[in-house]
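Below is one structure, written out as structure tokens, with a few remarks after it.
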Amino acid sequence: MNYSVSANTPQRRIYSVSEITRSIRSLLENEFPFVWVSGEISNFRKPASGHYYFTLKDKTAQISAVMFRGQNRQLKFNIEDGLQINGLGRLTVYEPYGNYQIILEYLEPVGRGALQLAFEQLKARLAQEGLFDQKYKQPLPFIPEHISVITSPQGAVIHDIMNVLTRRFPKPVQIVPVNVQGQKAANEIVDALKKVNEQQRSDVIIIARGGGSLEDFQAFNEEKVARAIFASTIPVVSAIGHETDYTVVDFVSDLRAPTPSAAAAMLVPERRELLQKLNVTYESLIQALTLNIQYRRMSLKNLSKRLKTPRSIFEDMRLKLDDRTNKLIDRMNRRLKNRANHLKRQLNRMLIAGPQDKIIASKKELNWHTSALIRTLEKYHDQHQSRLNTLKGRLTALDPYAILKRGYSVTRSLPENEIVKHADSLHPGQHLEVMLASGCIDVIVERIYKSGEKNNL
């Protein structure tokens, strides 16, 4: 099918890529200034800029999403792939790529509150790092001499703790006042822990507050508070809320108490009960010592009856000494007699063997072998001397200098320094070197004679 443009056809409007992209962006931003969107996070990235980049998707579609650093700092939970969220943002187009995306201003997890999710994420991460491991838990003193309580100075918590301590076992208590909720609470709790550790007066620290909602407990779910408790060299007891309330502080502390009053009761024993136990233990100890002394006395009495007098012991030992002395003397005499008989037999065998005859025979045999060796060496020397003389004569006959001494010479062409064997290889004016038996001469070729030519002249 052919298309043609007639004179009556309206003039076409041709957009550039930038213009059409910018127009689409304006349409999107005007139509959707702010919109809620729900989806699952995937392909999450956090570059050095601190901005969040990810994809929101459902079963049939996906959209690129951006959350700038200024907004994501306000989040109470961590973004991760697979998280289902609801987000408020504005639609736009990223013109360099022509992709449409949503710039998010606010996020919240679907099905769980942001604070609950943040609590679970922080708890899982600190547990993986080992901050909750039992091997790091510090033992509590049996009876602390000084106690620090980090809590709000107002409210019933501090009064409950002081009432229990006063009733059970009064001990010096240092109250470190802090806010237990609000934006300043976490920093104040961290500073209080550092202060008590620097003072090094207390044997144990109680961190306490009354009941409340998850939002009220937010300061006790902060990572910096958990790490400050883990770094404390003084044991820490957590007493946050009621028995069913749990915070990150409860897991990282050395001991968790279900309530502030229970924390005080767990730290110190009841003085009256302790005194009763001490009295019972004292009486039991006295009775045990009495029975032990009686048993020892009876054992000593029985042993004294079986004990011999020193005189009888001495007499027994003297008899044993005499008996063992006689046995030792008899044994030594037998051994000396056996050694003497053995020595006598060896002497007789030496006299019968007569080593002098063997020495004389050995000397004669040695002299004969020495003479034979000398004759062999002389014969070997004469043979090799004769062969050496023969080889020397052959070498002298082959010596080139001996040939030169008989009137011969060696001629070399210069500058090639090659031996001349044929006159045909030379030409008049050529420079030659003639080596004689003594010294060398340089000559110039004037004329070349062929074989027999000079004799005919």
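Using packing as a proxy for protection, rank 116-126, 95-105 so that the peptide with the highest average count of other Cβ atoms within 10 Å comes first.
Working: 116-126: 16.8, 95-105: 15.1.
Order by mean packing, descending: 116-126, 95-105.
Measure nothing fancy, just the Cα-based angle from helix 271-306's long axis to the longest principal axis of the chain, in degrees from 0 to 90, nearest 10.
Tilt of helix 271-306: around 50 degrees.
Quick check: the angle from helix 185-199's long axis to the longest principal axis of the chain, C-alpha only, nearest 10 degrees?
Computed tilt is about 60 degrees.
If you average the sequence gap of Cα pairs under 8 Å that are 6 or more apart and divide by the length of the chain, what percent do you get for the contact order?
Value for the chain: 8 percent.
Using a cut-off of 16 Å between alpha-carbon atoms, which aspartates and glutamates can reach residue 320, once sequence neighbours fewer than 8 places away in the same chain are excluded?
Straight-distance partners of residue 320: 330.
Which net charge results when you count Lys and Arg as +1 and Asp and Glu as -1 among the other residues whose beta-carbon is under 14 Å from that of residue 197?
Numbers: positive: 194, 195, 201, 227; negative: 191, 198, 203, 254.
Result for the local shell: 0.
Compute the distance from the alpha-carbon center of region 319-338 to that of region 428-446, in whole Å.
Answer, in whole Å: 114.
Any idea how many Lys pairs in region 119-269 come in under 17 angstrom at the alpha carbon, given 8 or more places apart or on separate chains? Don't skip to the answer; put the middle values down first.
Numbers: 123/137; 123/224; 184/194; 184/195; 184/224; 194/224; 195/224.
The result is 7.
What's the ranking of 68-80, 137-149, 370-382 by average number of surrounding C-beta atoms within 10 Å, highest first?
On the way: 68-80: 14.1, 137-149: 16.5, 370-382: 10.0.
Sorting 68-80, 137-149, 370-382 by mean packing, highest first, produces 137-149, 68-80, 370-382.
Determine by what factor the alpha-carbon radius of gyration of the chain differs from 2.2 N^0.38 Å, reporting the quotient. Write down the numbers at each step before the final one.
Numbers: Rg = 59.2 Å, N = 457, 2.2 N^0.38 = 22.6 Å.
That ratio works out to 2.63.
Mind pulling the angle between the C-alpha long axis of helix 156-168 and the longest principal axis of the chain? Nearest 10 degrees, somewhere in 0 to 90.
The angle comes out at about 80 degrees.
Which trypsin sites (Lys or Arg not before Pro) from region 242-346 combine a DSSP loop assignment with at most 11 other Cβ atoms within 10 Å? Numbers along the way, then the final one.
Values: sites: 256, 271, 272, 277, 296, 297, 301, 305, 306, 308, 311, 318, 320, 324, 327, 331, 334, 335, 337, 339, 344, 345; in loops: 308.
Loop-located and lightly packed - 308.
Between region 129-198 and region 208-280, what's the alpha-carbon centroid distance in Å?
Going from one Cα centre to the other spans 8 Å.
Bear in mind that the values in this text are calculations on the coordinates, not laboratory data. In this text, all values refer to a predicted model and were calculated from it rather than measured experimentally. Neighbour counts run over all protein chains shown; Cβ positions are idealised from the backbone, glycine included.
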